[in-house]
1. Before we move on, is Ser88 farther than 20 Å from Arg25 by Cα, among the hydroxyl-bearing types (Ser, Thr, Tyr) and modelled with pLDDT of 95 or more?
2. I need the full set of residues from the range 239-270 which are over 22 Å from Gln373 (Cα atoms), open to solvent by 30 Å² or more (accessible area, probe 1.4 Å) and of a type outside the set (Val, Ile, Thr), in order please.
3. Would you tally the residues in the range 16-69 being open to solvent by 10 Å² or more (accessible area, probe 1.4 Å) and part of a helix (DSSP H, G or I)?
4. Tell me which residues, restricted to the range 125-158, are open to solvent by 20 Å² or more (accessible area, probe 1.4 Å), over 17 Å from Glu110 (Cβ atoms) and in a helix (DSSP H, G or I).
5. With respect to Gly377, determine if the residue is within 23 Å of Gly271 (Cα to Cα) and not aromatic (Phe, Trp, Tyr).
6. Please specify each residue of the range 1-15 satisfying the condition of being surrounded by fewer than 16 Cβ atoms within 10 Å (Cβ to Cβ) and either more than 44 Å from the chain's Cα centre (by Cα) or at pLDDT 95 or above (or both).
7. Between Leu191, Leu197, which is on the phi < 0 side of the Ramachandran plot, at pLDDT below 95, under 15 Å from the mean Cα position of the chain (by Cα) and crowded, with 21+ Cβ neighbours inside 10 Å?
8. Quick one: in the range 53-73, of everything that is closer than 26 Å to Ala164 by Cβ and of a type in the set (A, V, I, L, M), which residue is farthest from the chain's Cα centre (by Cα)?
Amino acid sequence: MEEEQALETDGLLPLERQLHEAARRNNIGRMQELIGRRVNIRARSHVGRVALHWAAGAGHEQAVRLLLDHEAAVDEEDMFGMNALLLSAWFGHLRILQILVSSGAKIHCENKDGLTLLHCAAQKGHVPVLEFIMEDLEDVNLDHTDKLGRTAFHRAAEHGQLDALDFLMGSGCDHSVKDKKKLSCLHYAVLGGSEDLCRALILAGGCTNVANHQGTSPLHLAVRHNFPALVQLFINARSDLDATDNRQQTPLHLAAEHAWQDIAEMLLVAGVDLTLRDKQGKSVLAVAARSNHVSLVDMIIKADRFYRWEKDHLSCRDPSGKSLTFKQDHRQETQHLRSVLWQLASNYLRPHEWKKLAYYWEFTETHVYAIEQQWTGTRSYQEHGHRMLLIWLHGVATAGENPSKALFEGLVTIGRRDLAESIRKKVNAEPAAPRRCTAM
């Protein structure tokens, strides 16, 4: 209210402006003096504000009573349709609300946007006001919608008012209703990025798979706006991870499009269908490869290979998923082997041999193509080979196989027995201990 005062008292005579200012500041003496001089207490500014609006919005009981005693119009609206009652609910002034109701204010009022007392109090999180409205006023429609089709519950969800949500849920509101944009309360809670709100709505029975008119689920929104905590919340709530929107994009398509690696990791670990394609016919791997998101491409290939292996080894997976990861391996225990693989790819494998190894280890044509899309020049095959070897190592480690044996067999199969012997020695060699600095 204070920031608006300068602009919203335009259009008033000097004494009328002073009355508005006195009402806003609860300066009762000055108000009585001006009223005694017959200043018009119903004088309206250029936006339709009267003195009672300022007094009610600021929560000044004395100023409100003084104006009402001098026949201020209790239901006077400004150009936005806000009256003193709606303003008191908006700013959470319960006592003012009670005074206005006792003075005959119409309780079933709405502003130009269709906001009722419930909407105003819910959006701003004023639970005591909500309690008074529901318990002391008659015929209040808990699920009344504004002009956008939003209920008070929508408003509370959109603006992150958890206490208001709890109260409205306890009062029996319908939290499954969609507004005119076909958004549910859970959609709005996601847009606000509130983990607590989303959890409360889910626990209250909010459908996590509800879609708006674009086919967008709350999980789609959580991915699009890069809210990893919310994504994990929806995964834990057993949301449909393969739900598609109107573009036939799954949540993982969106993660691949935006290169959200942490979110992609969560979805991949949870288990998704990597065969699904968007309206352009692209899989999530193709989307990541097209955008040159190299690390994400490698993660998706690892996941795809793991899913294939898992079909034959269902009992081997950790149900909690805690030990499973598709991100780059930075573990100390694999550092020596990773160094050997880098040397192999950079110094020993010929341009097309990495592909021969890939096909022997059951990489698909799609996998190889996705790796090859990163092109940096005539020696790109070295980087391609290195990436392939690290992806292969992930699979070997997951399966609990002997990497030295598997690598030896692969090199022999592509006709490089000499190299196989040499690399096996390097793999089995103990890494040199770091030198210690000694004082001279």
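The values are calculated or read from the model by the stated rules, or taken from the named source; none is laboratory data. In this text the structure is predicted, and so the values were computed from the model without any measurement. Virtual Cβ from ideal backbone geometry, glycine too; neighbours counted across all protein chains shown. For accessibility, only protein heavy atoms count, side chains too; no ligands or nucleic acids. Shrake-Rupley method; radii C 1.70, N 1.55, O 1.52, S 1.80 Å.
1. On the way: farther than 20 Å from Arg25 by Cα: no; among the hydroxyl-bearing types (Ser, Thr, Tyr): yes; modelled with pLDDT of 95 or more: yes.
Judged against the criteria, Ser88 is not a match.
2. Hits for the range 239-270 are Asp240, Asp242, Asn246, Arg247, Gln248, Asp262, Met266, Ala270.
3. So the count comes out to 20.
4. Val127, Pro128, Glu131, Phe132, Met134, Glu135, Asp136, Glu158
5. Here the answer is no, as Gly377 does not meet what is asked.
6. Gly11, Leu13, Pro14, Leu15
7. Matching residue, one of Leu191, Leu197: Leu197.
8. The extreme case among them is Val64.
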